[in-house]
Structures are given as C-alpha cells and as structure tokens.
Amino acid sequence: MSENEVGCYVPLKVDLDGYEVFEPTSHAGSGWGPNMQHGGPVSALLTRAMEQHVHDGSRISRVTVEILGAVPLSTMRVRSWVQRPGRRIELLAAEVEAETSPGEWRPVAAARAWSLATRSTQHVAHHADPGLPLPNITGSTDTGFLDSWRLGFVGALEWHVDGPVGQPGVPTVAWLRLAQPIVAGEAPTPLQRVLAIADVANGIGARLDTQFWTFLNTDLAVYLFEPPSDTWIGIQAETSIGHDGIAMSSAVVHGADGPIGRIAQNVLVQPR
C-alpha cells in the first residue's frame, strides 16, 4: 500500500450476499500497530452504510460503534439494515467483517444509529456548551503531541491545535479536517466526516505518554443535537483515568457556528 493512494478504502464490488467489499489503504492505518486499522475510518464506513437507509425529513442523531477486536488491514465487507422501522424513529444497524483467509470472514466492528424525524424547533433552540470560535487556519499545526501520532489515518487529517496540550484539567482543543476521502472517488458526507474525526478524541484528550502507555478505546458514541455541515470539526476533549486501568474519554464537538454534539469513549489503559 502506498502513501499516494487516495482515500481510506477502495471499493471492489458488491458480493453475492449483498455486502459491499472494500480494500483498505495505508490511510486507514492505526498508530497502535503496523497491521491495524484506526477506528475513525471504520466508524465512518459503518456510518456510510447506515446513511443509505435514512428517509427524507429525518437525520441520524446518534451513532454508537463497538470495536470487536483489532481491525486488520485486510479486505473488508460491510452490510447494513433497518433494525427497528418506524415513521418518526428508526434504529439502523451495520457490521464490518474482515477477511482472515480466502473466503473466511470475522466480524470486527458493529454500529447502531438512531434516525429521528426533524421539524423546526428554532424558537426553543438551546446549546448547553459554550461555542468555540473557528480559528483562522492557514495550515496544519505541528506539535510534539501530534508528531508521535502522524501515521496512517491520523496523517490523513489536517490539524490545528488551539491552546495547551496535556495539562490535567484543561481540555485540549483541536480543529480537524479530512485530507483524504473515506471511500476513494466519493465525497464524504458531513456525518461521515464527524464520525471519522470523533474517534480521534481519545488521542486528543490523552494525558499519558505513548512511549510508556497504550490507551485503546473499545467503542465510540457520538450524539449530535445539531446537524453537521462544516469541513473543519472542533474537538474539545479530556480523559478521566480511574485507579484500575479503565478510563473515559469525553469531548464536545464543534462546528463553525457553535457546538453540535458530544462524544464518549470507553478506554483500556495498559503499560507497554
């Protein structure tokens, strides 16, 4: 796989069972291991599949992704369905399987999404989190915090870090934009961009040195009370670490016009 490949996934075909089949590129890679995929593009690919079931007049307001194990950089197939149909509320589902040997597939990630009917509530709109101004971004920000992570998918993002990094009690603020599409030759939707970037919150809010610690998230939950619309996504993230190796990453998601949602991740902390 080459760094010059465009997109995190190359579409191959729709198989006889109705799965969409993709080949991951180096842009889908993880910094945790040479043959692992980052959770961001996997989450966006699952979201892409579920978006195909959203009706006019509705939108996805919550997506949860369960990572069932290390996702290898091998051929993948994705399917989606409506788990709970409804006129105003629908539950959508998707799963990703990775090819472990010719013709053998293993589930590696699953997702659920609530799709809700929309109507105007402009007269009662309220944002609990204060907004963050979109900075004047003229280029990516390079810091020591990012240098150790600029591999695979993290390297497929444009970064602008705004404020202090790694200070306990002070959430890190980063503005990010996809520099690669999720699927080659296809423009990602605003929701796909948010889900891809949201999985980076664990790293943005990290307070541990990656030379000595690993902190892998097992899931991703994204709640969006406003529809995303911007290419630059702001993540205001912090991580709380317990006393027994379990942590929680939480973040506020921002667009250019203010906050649009929140992120939560369950995290396993271990010494290297």
Rounded to the nearest 0.05, FRET efficiency between residue 119 and residue 211 (Cβ-Cβ, R0 51 Å) equals 0.50
A correct Karplus calculation of ³J(HN,Hα) over the range 258-272, with 6.51 cos²θ - 1.76 cosθ + 1.60, θ = phi - 60°, whole Hz and x for Gly and Pro, returns x, x, 10, x, 9, 10, 9, 9, 8, 10, 9, 9, 9, x, 6
The chain, helix-only ellipticity at 222 nm - DSSP H runs n ≥ 4, -39,500 (n - 2.57), divided by all residues, nearest 500: -3000 deg cm²/dmol
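Where does the range 60-106 land on the Kirkwood hydrodynamic radius, alpha-carbon pairs, in angstrom?
12.7 Å
Leaving ligands, DNA and RNA out of it, rank 90, 158 by accessible area with a 1.4 Å probe, largest first. Intermediate values should be presented prior to the final figure.
Details: 90 15, 158 55 Å².
Ranking 90, 158 by accessible area, largest first, yields 158, 90.
Just to verify a number: FRET efficiency for residue 17 and residue 84, C-beta to C-beta distance, R0 = 25 Å, to 0.05?
Efficiency at R0 = 25 Å is approximately 0.65.
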Among 76, 117, 54, which residue has its Cα furthest toward the positive end of the charge dipole of the range 1-141, with +1 on Lys/Arg Cβ and -1 on Asp/Glu Cβ? 117
For the pair residue 256/residue 225, report the inter-label distance in nm, with labels modelled 7 Å from Cα in the Cβ direction. 2.3 nm
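The values are calculated or read from the model by the stated rules, or taken from the named source; none is laboratory data. Predicted model only: the values in this text are computed from it and were never measured. Positions of Cβ are backbone-derived with ideal geometry, glycine not excepted, and every protein chain shown enters the neighbour counts. Surface areas here come from the heavy atoms of the whole protein model, side chains and all, with no ligands, DNA or RNA. Shrake-Rupley method; radii C 1.70, N 1.55, O 1.52, S 1.80 Å.
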